[in-house]
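Worksheet: one structure, shown below.
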Amino acid sequence: MKHEQNFVLVTGNGFDLNLGLKTRYSDFAKSDEWTTLYEEYAAQSQYYSLLKYLNDQKDVGCWFDIEQALLNYASANTERVWKHDVETDKREYQAICNALVKYLDNHVRHGKGDLFEKAGIKILRNFKKDTNCRKIYTFNYTSLGFIARIGSVDSIVPAVHIHGSIEEGNAILGFNINNSTQIIPAYSFMVKSDNPFFRPIQFEQDLISADEVIIFGHSLNAIDSVYFDSYLRILSEDLETNKRLTIITYNENSRQEILNNIRQMGILVPRLFSRGHIDFILTKDMENNQFTNEKFDNLLKRTFIY
């Protein structure tokens, strides 16, 4: 009997960006929702708080990573910089999560544009509903079901939201840590797994058991590395060649960032390449590179449901 190929699709923020959605944390920090949030909670306060810290950080550099900023704020090192008022920070943290959900809900629902030929939509077409060999996990808060509908895709496999969703009205914003000494103990409410909305998932097991994992738009950054570490470690040590990881990202810079993040986990990247386990598709090259387009077409053929 022919083995039915088992595929897992994992989406990160780059997936939304491929569809033209302004879902970066930096977009949120420039929005009317952020301005309203700041004016309501922090503008008139004489104390330095979480929201004031984040507001200061949003204009530092060209990329605002709110979760990394939360980790920095909750770090034990910051106790020497300013006095923390935990209760004020708790209120502001929850208000930030609520404002983020509101921003994304407003933006996605009113977003327009032709999504039909976008790479993300083409992938979703191969993850139709009622197929046991297809699973979707998303690190985004946006609804893949809604995106599929506006992209004219028939019903897809229900996506598992790892960190909440705008449909459920919650955003699990924060970070993961290896031990409690990394942060001030009172700030454990920012640890993702401690969030009351966090739900147990079999993400790691599904990655390990899959014939092919497709990661679209996730950088495998340090904040979320705990989810990928075991899978990548096993993949790098697997002598067989029947396991495949395809990472879809924007350009060569983002490809290099991902490789650096994998190295930061202690994974031997050359082993992944030498054993044929990993490959990249750069969406920017799909504009004018025949080889990249052929590689993407082959991916679609592999995942096509007959």
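The values are calculated or read from the model by the stated rules, or taken from the named source; none is laboratory data. All figures in this text were calculated on a predicted structure; none of them were measured in a lab. All Cβ positions, even for glycine, are placed from backbone atoms using ideal geometry, and neighbour counts span all protein chains on display. Just so you know, the surface numbers come from the protein's heavy atoms only, side chains and all, with ligands and any DNA or RNA stripped out. Shrake-Rupley method; radii C 1.70, N 1.55, O 1.52, S 1.80 Å.
How about the range 130-246: which helices (runs of 4 or more DSSP H) wholly inside it have at least 3 residues that are at pLDDT 90 or above and either of a type in the set (Lys, Arg) or buried (at least 22 other Cβ atoms within 10 Å of the Cβ) (or both)?
Details: elements: 144-150, 203-209, 225-237.
Filter on the range 130-246 gives 225-237.
For beta carbons closer than 6 Å, sequence separation of 6+ or different chains, a first residue in the range 15-41 that is within 19 Å of Gln94 (Cα to Cα) and in a helix (DSSP H, G or I) and a second that is open to solvent by 20 Å² or more (accessible area, probe 1.4 Å) and not hydroxyl-bearing (Ser, Thr, Tyr), the qualifying pairs are Ala29/Lys58; Glu33/Lys102; Tyr38/Asn55.
Pairs linking a residue in the range 282-306 that is touching a residue at least 60 places away in the same chain (Cβ under 8 Å) to a residue that is surrounded by 15 or more Cβ atoms within 10 Å (Cβ to Cβ) and of a type in the set (A, V, I, L, M, F, W, C), with Cβ atoms under 6 Å and 6 or more positions apart or on different chains, are Thr283/Ala119; Phe296/Ile281; Thr303/Phe7. Within the range 199-210, does at least one residue satisfy the condition of being in contact with a Gly (Cβ under 6 Å, 6 or more places away or on another chain) and of a type outside the set (Ser, Thr, Tyr)? So far as the range 199-210 goes, no, none of its residues is in contact with a Gly (Cβ under 6 Å, 6 or more places away or on another chain) and of a type outside the set (Ser, Thr, Tyr).
Which residue is surrounded by the most Cβ atoms within 10 Å (Cβ to Cβ), if the candidates are limited to the range 261-284 and must be hydrophobic (A, V, I, L, M, F, W, C) and more than 21 Å from the chain's Cα centre (by Cα)? Before you say what the answer is, go through the steps one by one.
So in the range 261-284, the residues hydrophobic (A, V, I, L, M, F, W, C) come out as 262, 265, 267-269, 272-273, 278, 280-282.
So of that shortlist, the ones also more than 21 Å from the chain's Cα centre (by Cα) come out as 268-269, 272-273.
Working: Leu268: 14, Val269: 16, Leu272: 19, Phe273: 13.
Per the criteria, the residue is Leu272.
Here is the figure for the range 247-260: residues that are open to solvent by 10 Å² or more (accessible area, probe 1.4 Å) and part of a helix (DSSP H, G or I) total 7.
When Arg125 is tested against the conditions (1) open to solvent by 60 Å² or more (accessible area, probe 1.4 Å); (2) closer than 24 Å to Ser31 by Cα, the lone failure is (2). Pairs meeting the criteria (first residue in the range 183-203 and farther than 21 Å from Lys135 by Cβ, second residue of a type in the set (D, E, K, R), beta carbons under 7 Å, at least 6 apart or on different chains) are Ile184/Glu79; Ser188/Asp194; Phe189/Lys90. Which is over 21 Å from Gly12 (Cα atoms), in contact with a strand residue (DSSP E or B) (Cβ under 8 Å, 6 or more places away or on another chain) and in contact (Cβ under 8 Å) with a residue 24 or more places away in the chain, of Gly217, Gly276? The conditions single out Gly276.
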